[in-house]
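Comments concern the structure below.
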Amino acid sequence: MANIQLKDVRKSFGAVNVIKGVDLEIRSGEFMVFVGPSGCGKSTLLRLVAGLEDITSGELLFDGEVVNGLTPSKRGIAMVFQSYALYPHMTVYDNMAFGLTLEKGSKQQIRERVTKAADLLQIGQYLDRLPKQLSGGQRQRVAIGRAIVRDPKVFLFDEPLSNLDAALRVATRIEIAKLHEDMNNVTMIYVTHDQVEAMTLADRICVLRDGVIEQVGTPMELYETPDSLFVAGFIGSPK
Ligand code: ADP
Ligand code: MG
């Protein structure tokens, strides 16, 4: 678990300002969801938290320590993307164990961690298969499993369900919620443009618009007291 603070975080690519001063505190163990229209900067903000991009100015703190410039692994971050980039020539087991073999740890310890994560995600019976022998939903679980085995403090998801069909989206969404409980409430930040996902998963929702925060609150607060028509439109209540 980690508490994450963003202080006047800004990011530009060349002359283009994409993140324009974000102040936000994400509590340890919280499930925070970023929503907003395409192009508003959700993925960029997530990549800044991850350390996959450097912030242009401002401060980013994990548990009170400045992490600007630290790599994702030094930050204790694991990230699951929309397109699950599994290694096609490796089995499910090897895909999940890969990150661990780069660290210290005995074969036995690695096997235990992979087996535990696979059981949690109900993919234990597929460990010997290759990714191409799995359905899209199963592949996405392997991608999540690969992140879990590293025992991250912070789990980041960028639209992890958008490539799945409707039924699988629901099933996987429920699993992600369960994962949050099972992992002793590891801090999660989850990007989506799907209102239902946001409303059902979030402890709090952060609505982004054109690189700034429009409103932050619990699903109920945003639903009942949206600050703007923009938020109301996103959360689905009339204002
Ligand atoms: P979202 O995830 O909300 O759809 P993004 O964070 O992907 O939005 O992108 C926000 C804006 O930043 C977009 O206008 C996009 O074109 C721009 N952008 C993102 N990454 C880069 C980059 N590496 N170089 C230049 N512009 C970028
Ligand atoms: Mg995006």
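The values are calculated or read from the model by the stated rules, or taken from the named source; none is laboratory data. Here the structure is a predicted model, which is why all the values come from computation and not from measurement. Neighbour counts are summed over all protein chains in view; Cβ atoms, including those assigned to glycine, are modelled from backbone coordinates with ideal geometry.
So here's what we get for this one:
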quantity: Filter result for Thr172 (modelled with pLDDT under 90 and of a type in the set (Ser, Thr, Tyr)); calculated: yes
quantity: Residue identified as in contact (Cβ under 8 Å) with a residue 60 or more places away in the chain and more than 20 Å from the chain's Cα centre (by Cα) among Asp210, Asp203; calculated: Asp210
quantity: Residue ranges of strands (runs of 3 or more DSSP E) in segment 1-111 with at least 3 members surrounded by fewer than 21 Cβ atoms within 10 Å (Cβ to Cβ); calculated: 4-13, 16-26, 57-62
quantity: Test: residue in segment 143-165 that is touching a strand residue (DSSP E or B) at 6+ places or on another chain (Cβ under 6 Å) and among the small types (Gly, Ala, Ser); calculated: yes
quantity: Segment 1-21 residues that are under 16 Å from Ser43 (Cβ atoms), paired with ones that are among the acidic types (Asp, Glu) and surrounded by fewer than 16 Cβ atoms within 10 Å (Cβ to Cβ) (beta carbon under 8 Å, 6 or more apart); calculated: Leu6/Asp23; Leu6/Glu25; Leu6/Glu59; Val9/Asp23; Val9/Glu59; Lys20/Asp210
quantity: Cβ pairs under 7 Å, 6+ apart, first in segment 116-139 and without any contact (Cβ under 8 Å) to a residue 24 or more places away in the chain, second of a type in the set (A, V, I, L, M, F, W, C) and surrounded by 13 or more Cβ atoms within 10 Å (Cβ to Cβ); calculated: Gly124/Ala118; Gln138/Ile123
